[in-house]
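The values are calculated or read from the model by the stated rules, or taken from the named source; none is laboratory data. Here the structure is a predicted model, which is why all the values come from computation and not from measurement. Please note: Cβ atoms are built from the backbone with ideal geometry, for glycine as well, and neighbour counts cover all protein chains shown.
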Amino acid sequence: MAKIDTRCVHAGYHPGKGEPRQLPIIQSTTFRYETSDQMGRLFDLEDSGYFYTRLQNPTVDAVAAQINDLEGGVGAILTSSGQAANLFACLNIATAGDHIVAANNIYGGTFNLLGVTLRQMGIDVTFLKADAPDDEIQAAIRPSTKLIFGETISNPGVEVFDIERWAKMAHRNGLPLVVDNTFATPVLCRPFEWGADIVTHSTTKYIDGQGVSVGGAVVDSGNFPWDRYPERFPGLTKPDASYHGLTYTQKFGKAAYIVKATTHLMRDLGSTQSPQNAFYLHLGLQTLHLRIRRHSESALKVAKWLQSRPEVAWIHYPGLGNPLAVKYLPDGCSGVMCLGLKGGRAFDNRFLDALKLVTIETHVADCHTCVLHPASHTHRQLSDEQLRAAGIAPDLIRLSIGLEDPDDIIEDLAQALNVAAHD
Ligand SMILES: *Cc1c(COP(=O)(O)O)cnc(C)c1O
(Lines give C-alpha, C1' and ligand atoms only; values in the text may rest on other atoms or scores of the structure.)
Protein backbone atom coordinates (compact mmCIF):
# COMPACT_ATOMS: atom_id res chain seq x y z
CA MET A 1 0.00 0.00 0.00
CA ALA A 2 1.20 3.51 -0.81
CA LYS A 3 2.28 5.76 2.08
CA ILE A 4 -0.26 8.07 3.71
CA ASP A 5 1.00 11.24 1.98
CA THR A 6 0.42 9.63 -1.40
CA ARG A 7 -3.00 8.40 -0.33
CA CYS A 8 -3.99 11.93 0.78
CA VAL A 9 -3.51 12.94 -2.85
CA HIS A 10 -4.82 9.85 -4.64
CA ALA A 11 -7.11 7.66 -2.52
CA GLY A 12 -10.83 7.47 -3.21
CA TYR A 13 -10.95 8.71 -6.80
CA HIS A 14 -9.32 6.87 -9.69
CA PRO A 15 -10.28 8.38 -13.05
CA GLY A 16 -10.23 6.15 -16.12
CA LYS A 17 -9.25 7.01 -19.67
CA GLY A 18 -10.41 10.47 -20.69
CA GLU A 19 -12.14 11.12 -17.35
CA PRO A 20 -11.63 14.32 -15.33
CA ARG A 21 -8.33 14.41 -13.39
CA GLN A 22 -9.94 16.29 -10.49
CA LEU A 23 -12.95 14.79 -8.70
CA PRO A 24 -16.10 15.92 -10.55
CA ILE A 25 -19.06 17.37 -8.67
CA ILE A 26 -22.04 15.18 -9.53
CA GLN A 27 -24.69 17.79 -8.77
CA SER A 28 -27.68 15.53 -9.31
CA THR A 29 -30.36 14.40 -6.88
CA THR A 30 -31.25 11.29 -8.87
CA PHE A 31 -29.87 8.67 -11.23
CA ARG A 32 -31.49 7.04 -14.26
CA TYR A 33 -32.27 3.36 -14.77
CA GLU A 34 -33.58 1.46 -17.77
CA THR A 35 -35.83 -1.20 -16.35
CA SER A 36 -38.21 -1.39 -13.45
CA ASP A 37 -36.39 -4.51 -12.25
CA GLN A 38 -33.03 -2.69 -12.09
CA MET A 39 -34.55 -0.05 -9.84
CA GLY A 40 -36.40 -2.63 -7.72
CA ARG A 41 -33.22 -4.57 -7.00
CA LEU A 42 -31.55 -1.40 -5.67
CA PHE A 43 -34.34 -0.92 -3.14
CA ASP A 44 -33.99 -4.54 -2.00
CA LEU A 45 -30.22 -3.94 -1.52
CA GLU A 46 -29.72 -6.78 -4.04
CA ASP A 47 -27.67 -4.55 -6.35
CA SER A 48 -25.56 -1.58 -5.40
CA GLY A 49 -25.92 1.62 -7.37
CA TYR A 50 -26.90 5.24 -7.06
CA PHE A 51 -30.54 6.23 -7.00
CA TYR A 52 -30.96 9.21 -4.70
CA THR A 53 -28.33 11.58 -3.30
CA ARG A 54 -29.82 11.52 0.24
CA LEU A 55 -28.40 7.98 0.46
CA GLN A 56 -25.43 8.00 -1.87
CA ASN A 57 -23.77 10.20 -4.47
CA PRO A 58 -20.60 9.50 -6.49
CA THR A 59 -18.76 12.68 -5.41
CA VAL A 60 -19.62 12.16 -1.75
CA ASP A 61 -18.73 8.46 -1.95
CA ALA A 62 -15.30 9.14 -3.45
CA VAL A 63 -14.40 11.41 -0.54
CA ALA A 64 -15.85 8.95 1.99
CA ALA A 65 -13.71 6.24 0.36
CA GLN A 66 -10.67 8.49 0.66
CA ILE A 67 -11.19 9.10 4.39
CA ASN A 68 -11.87 5.37 4.82
CA ASP A 69 -8.60 4.57 3.07
CA LEU A 70 -6.64 7.00 5.28
CA GLU A 71 -8.15 5.57 8.47
CA GLY A 72 -7.75 1.97 7.27
CA GLY A 73 -11.44 0.98 7.55
CA VAL A 74 -13.88 -1.14 5.54
CA GLY A 75 -16.24 1.71 4.71
CA ALA A 76 -17.19 5.29 5.54
CA ILE A 77 -20.01 7.76 5.10
CA LEU A 78 -19.93 11.53 4.98
CA THR A 79 -22.49 13.45 7.00
CA SER A 80 -23.66 17.05 6.92
CA SER A 81 -21.67 17.92 10.08
CA GLY A 82 -19.52 16.45 12.81
CA GLN A 83 -22.57 16.53 15.09
CA ALA A 84 -24.48 14.32 12.65
CA ALA A 85 -21.49 11.94 12.45
CA ASN A 86 -21.44 11.41 16.22
CA LEU A 87 -25.24 11.15 16.33
CA PHE A 88 -25.18 8.46 13.61
CA ALA A 89 -22.30 6.59 15.22
CA CYS A 90 -24.43 6.21 18.37
CA LEU A 91 -27.92 5.77 16.90
CA ASN A 92 -26.72 3.06 14.55
CA ILE A 93 -26.48 0.69 17.54
CA ALA A 94 -28.19 2.43 20.49
CA THR A 95 -31.89 3.01 20.99
CA ALA A 96 -34.31 3.96 23.81
CA GLY A 97 -33.47 2.03 26.97
CA ASP A 98 -29.81 1.68 26.04
CA HIS A 99 -26.75 3.25 27.63
CA ILE A 100 -23.46 4.83 26.53
CA VAL A 101 -20.22 5.40 28.45
CA ALA A 102 -18.29 8.50 27.34
CA ALA A 103 -15.23 10.46 28.38
CA ASN A 104 -16.32 13.73 30.04
CA ASN A 105 -13.70 15.91 28.31
CA ILE A 106 -15.31 15.64 24.85
CA TYR A 107 -16.32 18.59 22.66
CA GLY A 108 -19.16 20.64 24.19
CA GLY A 109 -21.48 19.96 21.26
CA THR A 110 -21.02 16.21 21.66
CA PHE A 111 -21.37 16.50 25.45
CA ASN A 112 -24.79 18.11 24.91
CA LEU A 113 -25.74 15.67 22.16
CA LEU A 114 -25.12 12.72 24.48
CA GLY A 115 -25.99 14.27 27.83
CA VAL A 116 -29.13 16.17 26.79
CA THR A 117 -30.54 15.10 23.43
CA LEU A 118 -29.80 11.37 23.54
CA ARG A 119 -31.04 11.30 27.14
CA GLN A 120 -34.29 12.92 25.96
CA MET A 121 -34.52 10.08 23.43
CA GLY A 122 -34.21 7.52 26.23
CA ILE A 123 -30.52 6.68 25.83
CA ASP A 124 -28.72 7.12 29.14
CA VAL A 125 -25.11 8.26 29.35
CA THR A 126 -22.41 7.94 32.00
CA PHE A 127 -19.53 10.41 31.70
CA LEU A 128 -16.18 9.37 33.13
CA LYS A 129 -12.87 11.19 33.33
CA ALA A 130 -10.65 10.12 30.46
CA ASP A 131 -8.05 8.94 32.98
CA ALA A 132 -10.59 7.00 35.09
CA PRO A 133 -9.01 3.74 36.30
CA ASP A 134 -10.09 0.45 34.74
CA ASP A 135 -12.27 -0.56 37.72
CA GLU A 136 -14.23 2.69 37.47
CA ILE A 137 -14.83 2.09 33.76
CA GLN A 138 -15.86 -1.49 34.52
CA ALA A 139 -18.29 -0.33 37.21
CA ALA A 140 -19.95 2.14 34.80
CA ILE A 141 -20.74 -0.53 32.19
CA ARG A 142 -24.29 -1.93 32.37
CA PRO A 143 -26.04 -4.80 30.56
CA SER A 144 -27.70 -2.08 28.43
CA THR A 145 -24.42 -0.37 27.46
CA LYS A 146 -23.91 -0.31 23.67
CA LEU A 147 -20.71 1.65 23.10
CA ILE A 148 -17.88 3.63 24.65
CA PHE A 149 -16.97 7.07 23.29
CA GLY A 150 -13.90 9.34 23.49
CA GLU A 151 -11.84 11.87 21.50
CA THR A 152 -8.23 11.24 20.38
CA ILE A 153 -7.36 14.85 21.33
CA SER A 154 -10.16 16.42 23.34
CA ASN A 155 -11.63 19.79 22.38
CA PRO A 156 -10.90 22.22 24.04
CA GLY A 157 -8.80 20.61 26.80
CA VAL A 158 -6.40 18.87 24.32
CA GLU A 159 -6.11 15.77 26.52
CA VAL A 160 -4.89 12.64 24.71
CA PHE A 161 -7.20 9.62 24.98
CA ASP A 162 -5.58 6.31 25.93
CA ILE A 163 -7.24 4.52 23.02
CA GLU A 164 -5.57 1.14 23.57
CA ARG A 165 -6.60 0.97 27.24
CA TRP A 166 -10.20 2.02 26.58
CA ALA A 167 -10.43 -0.39 23.63
CA LYS A 168 -9.34 -3.26 25.91
CA MET A 169 -12.00 -2.30 28.46
CA ALA A 170 -14.65 -2.04 25.72
CA HIS A 171 -13.75 -5.38 24.13
CA ARG A 172 -13.57 -7.17 27.48
CA ASN A 173 -17.24 -6.21 27.81
CA GLY A 174 -18.25 -6.98 24.22
CA LEU A 175 -18.59 -3.31 23.30
CA PRO A 176 -17.25 -1.22 20.42
CA LEU A 177 -15.05 1.82 21.07
CA VAL A 178 -16.02 4.92 19.07
CA VAL A 179 -13.27 7.54 18.76
CA ASP A 180 -13.74 11.08 17.44
CA ASN A 181 -10.44 11.64 15.60
CA THR A 182 -11.13 15.23 14.49
CA PHE A 183 -8.07 17.06 15.83
CA ALA A 184 -5.52 14.30 15.17
CA THR A 185 -6.74 13.46 11.64
CA PRO A 186 -5.68 10.09 10.18
CA VAL A 187 -2.29 11.57 9.29
CA LEU A 188 -1.29 11.93 12.96
CA CYS A 189 -3.23 9.03 14.51
CA ARG A 190 -5.22 6.10 13.16
CA PRO A 191 -7.33 4.88 16.12
CA PHE A 192 -8.10 1.52 14.45
CA GLU A 193 -4.41 0.61 14.84
CA TRP A 194 -4.93 0.93 18.60
CA GLY A 195 -8.14 -1.10 18.77
CA ALA A 196 -10.90 1.47 18.17
CA ASP A 197 -13.83 0.05 16.19
CA ILE A 198 -15.54 3.14 14.79
CA VAL A 199 -13.97 6.54 14.03
CA THR A 200 -15.85 9.81 13.58
CA HIS A 201 -14.75 13.19 12.28
CA SER A 202 -15.85 16.75 12.15
CA THR A 203 -14.35 17.30 8.70
CA THR A 204 -15.13 20.98 9.27
CA LYS A 205 -11.76 21.24 11.01
CA TYR A 206 -8.35 20.14 9.62
CA ILE A 207 -9.67 17.82 6.91
CA ASP A 208 -11.30 20.79 5.16
CA GLY A 209 -8.67 23.08 6.64
CA GLN A 210 -9.82 26.14 4.75
CA GLY A 211 -12.79 27.09 6.90
CA VAL A 212 -15.11 26.52 3.94
CA SER A 213 -17.52 23.66 4.59
CA VAL A 214 -19.20 22.07 7.59
CA GLY A 215 -19.18 18.27 7.41
CA GLY A 216 -18.55 15.00 9.16
CA ALA A 217 -17.61 11.37 8.60
CA VAL A 218 -18.17 7.97 10.20
CA VAL A 219 -15.63 5.22 9.44
CA ASP A 220 -16.06 1.53 10.26
CA SER A 221 -12.97 -0.60 11.00
CA GLY A 222 -14.91 -3.75 10.13
CA ASN A 223 -13.27 -5.39 13.14
CA PHE A 224 -16.06 -5.49 15.68
CA PRO A 225 -17.69 -8.98 15.89
CA TRP A 226 -21.35 -7.86 16.07
CA ASP A 227 -22.70 -11.36 15.52
CA ARG A 228 -20.90 -12.64 18.61
CA TYR A 229 -23.39 -10.52 20.61
CA PRO A 230 -26.66 -10.95 18.68
CA GLU A 231 -28.90 -9.90 21.59
CA ARG A 232 -26.92 -6.71 22.24
CA PHE A 233 -26.93 -5.49 18.62
CA PRO A 234 -30.26 -6.69 17.19
CA GLY A 235 -30.32 -3.91 14.57
CA LEU A 236 -27.30 -5.52 12.93
CA THR A 237 -27.84 -9.20 13.70
CA LYS A 238 -31.65 -9.64 13.41
CA PRO A 239 -33.84 -9.30 10.30
CA ASP A 240 -34.71 -5.71 9.27
CA ALA A 241 -38.42 -5.57 8.36
CA SER A 242 -37.90 -2.39 6.32
CA TYR A 243 -35.69 -4.40 3.90
CA HIS A 244 -37.77 -7.60 3.57
CA GLY A 245 -36.15 -9.27 6.55
CA LEU A 246 -32.53 -8.80 5.48
CA THR A 247 -29.91 -9.24 8.24
CA TYR A 248 -26.98 -6.82 7.95
CA THR A 249 -24.26 -9.03 9.39
CA GLN A 250 -25.30 -11.95 7.15
CA LYS A 251 -25.61 -9.90 3.99
CA PHE A 252 -22.75 -7.41 4.40
CA GLY A 253 -20.32 -9.18 6.77
CA LYS A 254 -17.58 -6.86 8.00
CA ALA A 255 -19.30 -3.81 6.48
CA ALA A 256 -22.62 -4.44 8.31
CA TYR A 257 -22.37 -1.37 10.56
CA ILE A 258 -21.51 1.17 7.87
CA VAL A 259 -24.01 -0.20 5.35
CA LYS A 260 -26.74 0.10 7.96
CA ALA A 261 -25.68 3.70 8.70
CA THR A 262 -26.42 4.53 5.05
CA THR A 263 -29.43 2.35 4.29
CA HIS A 264 -31.17 2.98 7.59
CA LEU A 265 -30.01 6.25 9.20
CA MET A 266 -29.27 8.25 6.03
CA ARG A 267 -32.52 7.01 4.54
CA ASP A 268 -34.57 8.03 7.58
CA LEU A 269 -32.71 10.98 9.11
CA GLY A 270 -31.07 12.63 6.09
CA SER A 271 -28.05 14.65 7.28
CA THR A 272 -26.28 13.88 4.04
CA GLN A 273 -23.33 15.94 2.85
CA SER A 274 -23.81 17.88 -0.39
CA PRO A 275 -21.65 16.98 -3.41
CA GLN A 276 -20.38 20.58 -3.47
CA ASN A 277 -19.15 20.38 0.13
CA ALA A 278 -17.61 16.97 -0.50
CA PHE A 279 -15.69 18.52 -3.39
CA TYR A 280 -14.28 21.24 -1.09
CA LEU A 281 -13.38 18.56 1.41
CA HIS A 282 -11.51 16.68 -1.27
CA LEU A 283 -9.49 19.79 -2.11
CA GLY A 284 -8.54 20.03 1.54
CA LEU A 285 -7.70 16.34 1.87
CA GLN A 286 -5.18 16.52 -0.95
CA THR A 287 -2.92 18.73 1.21
CA LEU A 288 -3.85 17.46 4.68
CA HIS A 289 -0.52 15.67 5.18
CA LEU A 290 1.46 18.86 4.49
CA ARG A 291 -0.79 21.13 6.52
CA ILE A 292 -1.24 19.07 9.66
CA ARG A 293 2.53 18.64 10.09
CA ARG A 294 3.08 22.37 9.67
CA HIS A 295 0.25 23.12 12.14
CA SER A 296 1.94 20.75 14.60
CA GLU A 297 5.46 22.18 14.17
CA SER A 298 4.28 25.77 14.48
CA ALA A 299 2.08 24.97 17.49
CA LEU A 300 5.02 23.32 19.28
CA LYS A 301 7.15 26.40 18.64
CA VAL A 302 4.43 28.76 19.90
CA ALA A 303 3.66 26.52 22.90
CA LYS A 304 7.33 26.49 23.95
CA TRP A 305 7.48 30.25 23.63
CA LEU A 306 4.29 30.71 25.67
CA GLN A 307 5.63 28.34 28.33
CA SER A 308 8.57 30.68 28.84
CA ARG A 309 6.41 33.80 29.29
CA PRO A 310 5.83 35.16 32.81
CA GLU A 311 2.21 36.17 31.99
CA VAL A 312 1.24 32.53 31.29
CA ALA A 313 -0.16 30.71 34.35
CA TRP A 314 -0.47 27.33 32.65
CA ILE A 315 -0.42 25.82 29.17
CA HIS A 316 -1.64 22.48 27.79
CA TYR A 317 -0.24 21.24 24.52
CA PRO A 318 0.20 17.47 24.12
CA GLY A 319 3.54 18.03 22.38
CA LEU A 320 5.08 19.44 25.57
CA GLY A 321 6.06 15.98 26.83
CA ASN A 322 2.70 14.24 27.49
CA PRO A 323 3.53 10.49 27.54
CA LEU A 324 0.23 9.59 25.84
CA ALA A 325 1.14 11.98 23.02
CA VAL A 326 4.53 10.29 22.68
CA LYS A 327 2.68 6.99 22.23
CA TYR A 328 -0.27 8.02 20.04
CA LEU A 329 0.93 11.20 18.27
CA PRO A 330 4.62 10.72 17.42
CA ASP A 331 4.35 12.79 14.22
CA GLY A 332 2.75 15.85 15.81
CA CYS A 333 -0.10 16.97 18.03
CA SER A 334 -2.08 19.32 15.73
CA GLY A 335 -2.28 23.09 16.07
CA VAL A 336 -4.59 23.36 19.06
CA MET A 337 -3.53 24.27 22.59
CA CYS A 338 -5.09 25.92 25.60
CA LEU A 339 -3.66 28.18 28.24
CA GLY A 340 -4.50 30.43 31.13
CA LEU A 341 -3.08 33.89 31.81
CA LYS A 342 -2.24 35.28 35.24
CA GLY A 343 -4.00 38.65 35.11
CA GLY A 344 -7.66 37.60 35.51
CA ARG A 345 -10.68 38.20 33.27
CA ALA A 346 -9.93 41.88 32.56
CA PHE A 347 -6.35 41.04 31.50
CA ASP A 348 -7.69 38.26 29.25
CA ASN A 349 -10.05 40.68 27.53
CA ARG A 350 -7.35 43.31 26.99
CA PHE A 351 -5.11 40.59 25.54
CA LEU A 352 -7.80 39.30 23.17
CA ASP A 353 -8.73 42.81 22.03
CA ALA A 354 -5.09 43.67 21.31
CA LEU A 355 -4.51 40.72 18.96
CA LYS A 356 -4.13 41.75 15.32
CA LEU A 357 -3.11 38.73 13.25
CA VAL A 358 -4.77 36.21 15.54
CA THR A 359 -8.55 36.50 15.21
CA ILE A 360 -11.32 35.81 17.70
CA GLU A 361 -13.45 33.02 16.25
CA THR A 362 -15.61 30.18 17.46
CA HIS A 363 -13.83 28.10 14.84
CA VAL A 364 -10.71 26.05 15.41
CA ALA A 365 -8.31 23.93 13.40
CA ASP A 366 -8.03 25.68 10.07
CA CYS A 367 -5.37 27.67 8.24
CA HIS A 368 -6.02 30.93 10.17
CA THR A 369 -4.68 31.29 13.69
CA CYS A 370 -7.62 31.94 15.97
CA VAL A 371 -8.44 32.22 19.62
CA LEU A 372 -11.50 31.69 21.79
CA HIS A 373 -12.21 32.35 25.45
CA PRO A 374 -15.08 29.96 26.24
CA ALA A 375 -16.02 31.73 29.49
CA SER A 376 -16.57 35.01 27.57
CA HIS A 377 -17.84 33.49 24.32
CA THR A 378 -19.32 30.04 23.72
CA HIS A 379 -20.05 29.33 27.41
CA ARG A 380 -20.75 32.88 28.65
CA GLN A 381 -24.09 31.96 30.23
CA LEU A 382 -22.31 29.63 32.70
CA SER A 383 -20.99 30.65 36.12
CA ASP A 384 -17.35 29.84 37.02
CA GLU A 385 -18.71 26.92 39.06
CA GLN A 386 -20.71 25.58 36.11
CA LEU A 387 -17.72 26.06 33.81
CA ARG A 388 -15.55 23.92 36.07
CA ALA A 389 -18.25 21.24 36.18
CA ALA A 390 -18.20 21.20 32.37
CA GLY A 391 -14.44 20.66 32.53
CA ILE A 392 -13.56 24.19 31.37
CA ALA A 393 -11.32 26.34 33.52
CA PRO A 394 -12.79 29.87 33.70
CA ASP A 395 -9.46 31.30 32.51
CA LEU A 396 -9.07 28.81 29.62
CA ILE A 397 -8.07 30.37 26.30
CA ARG A 398 -8.10 28.04 23.31
CA LEU A 399 -5.49 28.91 20.72
CA SER A 400 -5.52 27.27 17.30
CA ILE A 401 -2.29 27.78 15.37
CA GLY A 402 -2.77 28.26 11.63
CA LEU A 403 -0.42 28.15 8.69
CA GLU A 404 1.08 31.63 8.99
CA ASP A 405 4.79 31.99 9.77
CA PRO A 406 5.05 30.99 13.47
CA ASP A 407 7.34 33.97 14.15
CA ASP A 408 4.56 36.33 13.05
CA ILE A 409 2.11 34.54 15.35
CA ILE A 410 4.56 34.84 18.27
CA GLU A 411 5.12 38.52 17.50
CA ASP A 412 1.38 39.18 17.61
CA LEU A 413 0.94 37.27 20.88
CA ALA A 414 3.91 39.16 22.36
CA GLN A 415 2.59 42.60 21.48
CA ALA A 416 -0.91 41.70 22.78
CA LEU A 417 0.52 40.46 26.11
CA ASN A 418 2.46 43.68 26.30
CA VAL A 419 -0.63 45.83 25.66
CA ALA A 420 -2.65 43.83 28.23
CA ALA A 421 0.06 44.35 30.86
CA HIS A 422 0.35 48.10 30.31
CA ASP A 423 -3.21 49.19 29.57
C1 LIG B 1 -16.27 20.70 15.95
C2 LIG B 1 -16.29 19.35 16.53
C3 LIG B 1 -17.42 18.52 16.44
C4 LIG B 1 -18.70 18.98 15.79
O5 LIG B 1 -18.51 19.15 14.44
P6 LIG B 1 -19.37 20.14 13.50
O7 LIG B 1 -18.81 19.86 12.17
O8 LIG B 1 -19.17 21.52 14.02
O9 LIG B 1 -20.80 19.69 13.65
C10 LIG B 1 -17.34 17.24 16.95
N11 LIG B 1 -16.21 16.80 17.55
C12 LIG B 1 -15.11 17.57 17.67
C13 LIG B 1 -13.90 17.03 18.36
C14 LIG B 1 -15.11 18.87 17.17
O15 LIG B 1 -14.02 19.63 17.31
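Among 321, 245, which is out of contact with any strand residue (DSSP E or B) (no Cβ under 6 Å at 6 or more places or on another chain), modelled with pLDDT under 95 and more than 30 Å from residue 167 (Cα to Cα)?
Details: 321 fails: more than 30 Å from residue 167 (Cα to Cα).
Criteria check complete, one pass: 245.
For residue 150, the criteria (1) in contact with a Ser or Thr (Cβ under 7 Å, 6 or more places away or on another chain); (2) small (Gly, Ala, Ser); (3) within 25 Å of residue 337 (Cβ to Cβ) hold in every case but one, which is (1). Only one of the numbered conditions (1) in a loop (DSSP other than H, G, I, E, B); (2) touching an Asp or Glu at 6+ places or on another chain (Cβ under 6 Å); (3) of a type outside the set (Gly, Ala, Ser) is violated by residue 41, and that is (1).
Yes or no, residue by residue, for (1) crowded, with 17+ Cβ neighbours inside 10 Å; (2) modelled with pLDDT of 95 or more; (3) farther than 18 Å from residue 159 by Cβ:
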| site | (1), (2), (3) |
| --- | --- |
| 331 | no, yes, yes |
| 345 | no, no, yes |
| 360 | no, no, yes |
| 383 | no, no, yes |
| 389 | no, no, no |
| 393 | yes, no, no |
| 408 | no, yes, yes |
| 414 | no, yes, yes |
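When residues in region 63-101 are screened for being closer than 23 Å to residue 189 by Cα, away from the ligand (no atom under 15 Å from the Cβ) and out of contact with any helix residue (DSSP H, G or I) (no Cβ under 7 Å at 6 or more places or on another chain), 3 of them pass. In summary, residue 156 fulfils each of the numbered conditions (1) at pLDDT below 95; (2) over 19 Å from the mean Cα position of the chain (by Cα) with the single exception of condition (2).
I need the full set of residues from region 380-401 which are of a type in the set (A, V, I, L, M) and either more than 16 Å from the ligand (Cβ to nearest atom) or over 19 Å from residue 341 (Cβ atoms) (or both), in order please. Walk me through it before giving the result.
First, the residues of region 380-401 that are of a type in the set (A, V, I, L, M): 382, 387, 389-390, 392-393, 396-397, 399, 401.
Across region 380-401, the qualifying residues are 382, 387, 389, 390, 393, 397.
Please specify each residue of region 299-335 satisfying the condition of being in a helix (DSSP H, G or I), of a type in the set (A, V, I, L, M) and within 21 Å of the chain's Cα centre (by Cα). Result: 299, 324, 325, 326.
Counting residues that are hydroxyl-bearing (Ser, Thr, Tyr), which strands (runs of 3 or more DSSP E) fully inside region 56-145 reach at least 1? Spell out the reasoning first.
Working: elements: 75-79, 99-103, 124-128.
Where strands (runs of 3 or more DSSP E) fall fully within region 56-145 and carry at least 1 residues being hydroxyl-bearing (Ser, Thr, Tyr), they are 75-79, 124-128.
If you go through region 5-51 and pick out every residue that is touching a strand residue (DSSP E or B) at 6+ places or on another chain (Cβ under 7 Å) and exposed (fewer than 15 other Cβ atoms within 10 Å of the Cβ), you end up with 2. Within region 198-212, is there a residue that is among the aliphatic types (A, V, I, L, M) and in contact with a His (Cβ under 7 Å, 6 or more places away or on another chain)? Yes, region 198-212 has at least one match. Screening 101, 179 for residues that are surrounded by 24 or more Cβ atoms within 10 Å (Cβ to Cβ) and under 24 Å from residue 291 (Cα atoms) leaves exactly one candidate, 179.
Filtering region 258-315 to residues that are over 26 Å from residue 337 (Cα atoms), in contact with a Gly (Cβ under 8 Å, 6 or more places away or on another chain) and β-branched (Val, Ile, Thr) leaves 258, 259. Of all residues in region 32-55, those satisfying the criterion of being of a type in the set (Ser, Thr, Tyr) and under 16 Å from residue 264 (Cβ atoms) are 48, 52.
Matching residues to (1) part of a loop (DSSP other than H, G, I, E, B); (2) more than 19 Å from residue 277 (Cβ to Cβ); (3) of a type in the set (D, E, K, R); (4) away from the ligand (no atom under 11 Å from the Cβ):
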| site | (1), (2), (3), (4) |
| --- | --- |
| 148 | no, yes, no, yes |
| 165 | no, yes, yes, yes |
| 179 | no, yes, no, no |
| 192 | no, yes, no, yes |
| 196 | yes, yes, no, yes |
| 199 | no, yes, no, yes |
| 206 | yes, no, no, no |
| 209 | yes, no, no, yes |
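Out of 316, 377, one residue alone is surrounded by fewer than 18 Cβ atoms within 10 Å (Cβ to Cβ), within 16 Å of the ligand (Cβ to nearest atom) and over 19 Å from residue 418 (Cα atoms). It is 377.
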